[in-house]
Each structure stands twice: as structure tokens, then as C-alpha cells.
1. Check cross-link reach from residue A:122 to the aspartates and glutamates: straight Cα distance under 17 Å, and skip same-chain residues fewer than eight apart.
2. Using a ≥ b ≥ c from the Cα gyration tensor of the stretch A:3-133 (square roots of the eigenvalues), is it rounded, prolate or oblate, where a/c under 1.5 gives rounded and otherwise the larger of a/b and b/c decides, a/b for prolate?
3. Please compute P(r) over all alpha-carbon pairs of chain B, binned at 10 Å starting from zero, and give each bin as a whole-number percent.
4. Hey, what's the Cα Rg ratio for the stretch A:73-309 versus the globular rule of thumb, 2.2 N^0.38 Å?
5. Do the sum for chain B: with -39,500 (n - 2.57) for every DSSP H run of n ≥ 4, divided by all residues, what is the mean residue ellipticity at 222 nm, to the nearest 500 deg cm²/dmol?
6. What dipole magnitude, in Debye to the nearest 20, does chain B give about its Cα centre under +1 on Lys/Arg Cβ and -1 on Asp/Glu Cβ?
7. Order by neighbour count: B:120, B:228, fewest other Cβ atoms within 10 Å first, most last.
8. Once Rh is set to the Kirkwood radius over Cα pairs, what Stokes-Einstein translational diffusion coefficient, in µm²/s, holds for the stretch A:1-43 at a temperature of 20 °C and a viscosity of 1.002 mPa s?
Amino acid sequence: MSVPAAAADARAVVARRTLWKRVARSRYLYIMLLPAILYYGIFHYYPMYGALIAFKQFSITKGIMGSPWAGFKNFEYLFGLDKFWHVFWNTIVISVYRLVFGFPFPLIMAILMNEARKLLFKKTVQTIVYLPHFISWVIMGGLLINLLSADGGVVNGAIRSLGGEPVGFLTDDRYFRGTLVWSMIWKEFGWNTIIYMAALAGVNPQLYEAALMDGASRWRRIWHITLPSIRATIVILLILRIGSLMEAGFEQIFVLYHPGVYNVADIIDTYVYRIGLTDGRFSLAAAVGLFKSAINFVLLVIANRLSRMMGENGIY
Amino acid sequence: MAHSGFGSKLFDVLNYLFLALTALVTLYPFWDSLIVSITPMKEGISAGLHLFPKTVTFEAYQYLLQLEQLWSSYKISVLVTVIGTAISMFATILAAYALSKKELPGSRVIMFTIVFTMMFGGGIIPNFLVVKQLGMLNTVWAMMIPAAIQTYNLILMRSFFLSIPESLEESAKIDGCHDFGILLKIVIPLSMPAIATIALFYAVSRWNEFFMAVMYVTDKQLWPLQLFLRSMLMENEAAFQSGGDSPFLLGQSIKMATIMVSAIPVMIIYPFFQRYFVQGVTLGAIKE
């Protein structure tokens, strides 16, 4: 045995011993972690194991292990269903709309709020636009029905006074997706500015002053100072959005949709809910859910890779 | 700012106008519902803007407040919010503190294991089966425990703890305090803004809890406010879809009163926390 190897061995022993010492010294910290470990084990990792029922002919009485294997039969059946591709498509369309229309909004809003120098005004606007984030979709749904209804709603009142026909924003399948996207923007755009505002709060004011001295116009200041300082934040949020492209907003749709608009509004999650919990086809529903999770995961990895290729930090 | 040209001033004016308008548009639906909720039921709701009520009446609220289901749902929601937030804070603070200690062996692995759950999950059905196996279906626990820790909040809390200078804890350590003592006597008192923020986040999501209630609670006795509210809205929605003529015949003001009753607690409480959560999120944003 060579001398360096023996030394390395000895070092490893010492390292192991100090590791044990460190573990023992940290025993209280491990105790603190216990509730979290239990929680993540039971409510996150055990369900990942439970997702195995997607490959089984699951029956509640037999349990996850006891149920017979079905291989890819559930998936084969699923991929043969027109209905499945239909909800898959709905999910993507709604999600892409939300991304395209919903993503720029908070960004623009944050830049404009950053330009407003009157502190009290800015605070008041912030308080108001954050508010809908804290209100549940059930309540927001009620507000929407009130606002958009055909006879007493403000919006249709305005349309009618301009000589138009009332529009069934919540009942007509031509308008339903638009209503989904815009109501989502209304609820979340304000809150989504907060992370940009936080990043902008960290910008050195001297940068703006120096630019002003050099005679830089307002647009140039926004372009050269404001935007670059939130670029990393924009990229991270974009990655996260792309990584959740399969989430088209279960709670919102669940509250607002009805059979009359299923053809445009039924998404993967609502479909899983119905075939799983209403019809009791657990294995099939789990297969859909697993398919969704897998796609989300792949998208996240791709988006992250892309952002790194473009020289930005990824999220991991 | 000191010297600014005409274009810049014009921009300012337009900007203030735009922001004010955006805020008004955001707020208006709430105001509209408030007005409708205090409009006499018989009067009917006129189309157009409802800026001020013509006649004020609290009959919708009177009707609502004598419904037993409202009170029982209110009780359940308060219970779920208070106990649920306490459980969440307990688990989140402890875990976040432990994970903020980088010298803790295995902390990186544990952190990764936790963050991974943000990217991948078993799905709705396996989650349902877990709750069922635990015998939690149709209990109040089903509305608190399955989402007891929200990973985002845990990360935020940990970021805050990481920002507390190590030296502050050292002296306590020398005095022979163990980790629980340090957390309780030094770290928590220093972290009140972050704790308030995260407690607000948890409280709001428990108060607004809908998904878990729909999935796990069928017993009407255990309905939280959101399910009660939904049932009130649905009654009208049924009429709304069939014919769609007049949902208001069924008492639009009662519906809007229900909405106000469940939204008002949040609307009152949240502005007091705003100062804290801007601070809280700022910290999270910088640290990540």
C-alpha cells in the first residue's frame, strides 16, 4: 500500500469520525426536521409511489401492492381516447394563452410602478392590485358572474348601451377561454409584480442619477437600467411558467366551468378529477396525472437547459 | 426628478393616470358586489355601473346571518385557519431553521429532496388515496395536513434565517443554549416580519381552501366557507345556464352578501401585513 493511499484512508476514518460527531452535535436539528420529513414522506413521496397504480388494475380493497399489474394497458387505452387528446389540447391552449397574455402584464406594470415616484400613490396602487391574489377563486367566480351576466352585469350593460348584443362570457364557448385568461390576469397580475418590485428595490439609485446626469432619456433609463436589473428574475419566472405549462388553473376552471363549455374548458386536471373521483376509475386517472407530471418535469428541464445556454442562471 | 423635459412630464402624467385606472378597474368588481349586496332584492339590479346604491338595505345580510349553514361553515373555516396555520408555522419554522444550518450533515440532500417535490408529484389520485388510507376523509384535518408545508414558504423562511448573522447565535451557544433555545430566544424574535408574512400566506390559503375541501370533505357539517359559498353561487348558476334570463330573481344580493362575508376578513387583515410581505419576498428574491 502506498503512503498517500494510507494517508487518504486515515483521513477518511477521521472524516467519518468527525461526521459522526457533527451528526451527534446536530441531533436537535434533526429532531426539528422530523415533522417536515414525515410530511414530505407521507404527502409527497408516498404518492409518487402510489402513482404506480397507473401501471396496475387498481382496486381499493386490494391496495397498491395487491392489485395486479397492467403494464402500459392504461396508457394504451388512454392514448386511444379522443377525449384524452381533447383535454390535453385544451390544457395546452389555455396555458399558452395565459403565458402569452399573462406574462408580459406584471412586467410592464412593475416597470410603470417603478417610474411612479410619489410614494403614497405607489403604495396605494400596490395595496389594491395585490388584493385579488388573496381572494379565493370561488369568490372571484362570484364576482365574475355578477360582472359578466347578461342582464345586470356592467360589461354587458356597456356593450348594450353601445348598441351591441349581450355576450355570454361565461356561457358561450367562443368566449369562455378569453374570460378564463383575462380573469386570471386580473387576479394575479398585481401579485406577480411583487417579485419584480423586490428585484427593482435592490437597484442602486445612483445608477439612475448617473444616467440622468448623462442626459439619458426615460426610455433609455428603463431599457438600460431597469430591464437588465430584472432580467434574471424574468428568466426564472419564465422557466417556472414553462415548467408548469400543464397547469391550466384547476381551481379557477373548476369554479367557472359547466358542461356547456366542456369542449373548450375541460383540462387534464378537471378530467382526472371527474374520471377518478366521480367515476372511480383510479388507475386511468392516475395514468393521466402521471403523464401530466412527466411532461411538466421534462419541460422544466428543457427550459432550464435553454436558459443556461443563453448564459442565465437556471433554477437548479 | 430635477431636470426633465416635456416628454418626460407627459409620460409621468399618463403613467399616473394609467396606474390609477388599473387600480380602479381591479377594485371595481368588489365595489360592484358590495353595492349589489345592499340593494333591495325587489328593486332589481340595473345594468351599468353601480357606483352608489339608490336605497340601502341589509336584508340580504339579515337573511344570510340567520342561516345555520353559514355559521357552521364560518366556524369550520376559522378552525381550519387558526389550527392549520399553527401547524404549518410549527413545521415550517422548525424545518427552515434546521435547513439554514449549512454545517448540518445531509442538509443539501434533504433540501434537494424537498425542492424536487415542486417539480414532480404523484398527482391528484394518489394524494387522494393517501388521505383516504390515513382515515382523514371527512375530517377537518384533511383541510390542513395534506398541504401543511408549502415548499415555497419553507424556502422563503429559510432564506430569512440564512440572513441572520451567525455571530448573534454564537454568544447564546457559548452560554450553553442548545438549538431549540437559540431558535426560540434569538432567531424567532429577530424574524417577526418574515414569520408574519408566511403566517399570512398560510392563513389566507387555509381560509380560501377549496381544492382539498372539494376532494376530501363531502359531509355538509364540515363544509368550510368556500364550499358553502360555492353552493350558494351554484343555485343561481343553474338558473343562469338554463335560459340565462335572470339569475337575479334568485337573490343576487344574497349571493353578493355571501361573497362579502367571506372576503371581508381577508380584505381587512391583509393591508396590515403588506409592509412585512414586501420585505419578506424581497429577501427571498435576493437570496435565491
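Nothing in this text is a laboratory measurement; each read-out follows from the coordinates by a stated rule. Computed from a predicted model, the values in this text were never measured in an experiment. Glycine gets a Cβ as well: all are built from the backbone with ideal geometry, and neighbour counts include every protein chain shown.
1. B:12
2. Working: a/c = 2.47, a/b = 1.15, b/c = 2.14.
Oblate shape, in that a/c is at least 1.5 and b/c is the bigger or equal ratio.
3. P(r) for chain B, in whole percents per bin: 6, 20, 24, 23, 17, 9, 2, 0.
4. 1.22
5. It comes out at -22500 deg cm²/dmol, rounded to the nearest 500.
6. 240 debye
7. Taking fewest neighbouring Cβ atoms as first place, the list is B:120, B:228.
8. This corresponds to a translational diffusion coefficient of 169 µm²/s.
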